[in-house]
Amino acid sequence: MSIEAFAFKNKGYGETLFLTGFEVYMGLTDNENLSAVFEDNYLPGTRTLVLQEDSVTYAAGTEEWCIIPLDTPFPYETGHHLLIEYLWTGGYTGMHNYVWTTTTDRAVLAYNPSSATGSNQSKMIHLLLTGTELNLEQTTFGAVKIILGNP
């Protein structure tokens, strides 16, 4: 399975996202709950730089998906959890994305891109993954929340 892009849904309040020093990493984990130490979450050797931009602008209208194509597709291996790590050094966002509250810590947040640690978060953004041979069953967001334990 190959992940070639990810997207988040623009809730509104603007339609552009400008970022500098933007990097996206993907990797695998077997952790049910994330550690506040970023590196501890990855299975050894799986953290992969999939996108790097000195300066980039993305656009999406209200209620549209803001699609972020990857420079390098990520080969996802079933049987593990997917990690998506994104960081940027500056920029401006007029977009706001939808989030949902999980029952466990499924995100780690740091305000400095060079931080080795962050704070655990139970809020998760709505994400859409695209790629080839994902073989994922189509389901509603409500069904996903129930599967993850948040009816």
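The values are calculated or read from the model by the stated rules, or taken from the named source; none is laboratory data. Computed from a predicted structure; not experimentally measured. FYI the Cβ positions are ideal-geometry reconstructions off the backbone, even for glycines, and counts take in every protein chain you see.
Laid out as a table, the results:
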| read-out | value |
| --- | --- |
| Residue under evaluation Leu34, criteria (1) buried (at least 19 other Cβ atoms within 10 Å of the Cβ); (2) in contact with a Gly (Cβ under 7 Å, 6 or more places away or on another chain); (3) of a type in the set (A, V, I, L, M, F, W, C); (4) in contact (Cβ under 8 Å) with a residue 60 or more places away in the chain, criterion not met | (2) |
| Filtered residues of region 117-151 (kept if closer than 26 Å to Ala59 by Cα and at pLDDT 80 or above) | Lys123, Met124, Ile125, His126, Leu127, Leu128, Leu129, Thr130, Gly131, Thr132 |
| Selection within region 100-116 - in a strand (DSSP E or B), at pLDDT 85 or above and surrounded by 14 or more Cβ atoms within 10 Å (Cβ to Cβ) | Ala107, Val108 |
| Tally of residues being out of contact with any His (no Cβ under 9 Å at 6 or more places or on another chain), more than 25 Å from Leu43 (Cα to Cα) and either part of a strand (DSSP E or B) or without any contact (Cβ under 8 Å) to a residue 40 or more places away in the chain (or both) across region 78-99 | 5 |
| Condition met for Gly61 (on the phi > 0 side of the Ramachandran plot and either in contact with a strand residue (DSSP E or B) (Cβ under 7 Å, 6 or more places away or on another chain) or exposed (fewer than 15 other Cβ atoms within 10 Å of the Cβ) (or both)) | no |
| Criterion (touching a residue at least 24 places away in the same chain (Cβ under 8 Å) and loosely packed, with under 15 Cβ neighbours inside 10 Å) met by exactly one of Pro75, Pro44 | Pro75 |
| Residue that is among the aromatic types (Phe, Trp, Tyr), more than 20 Å from Thr130 (Cβ to Cβ) and surrounded by 14 or more Cβ atoms within 10 Å (Cβ to Cβ), where the choices are Phe8, Phe18 | Phe18 |
| Single condition Gly45 does not satisfy, out of (1) touching a strand residue (DSSP E or B) at 6+ places or on another chain (Cβ under 7 Å); (2) in a loop (DSSP other than H, G, I, E, B); (3) modelled with pLDDT of 95 or more | (1) |
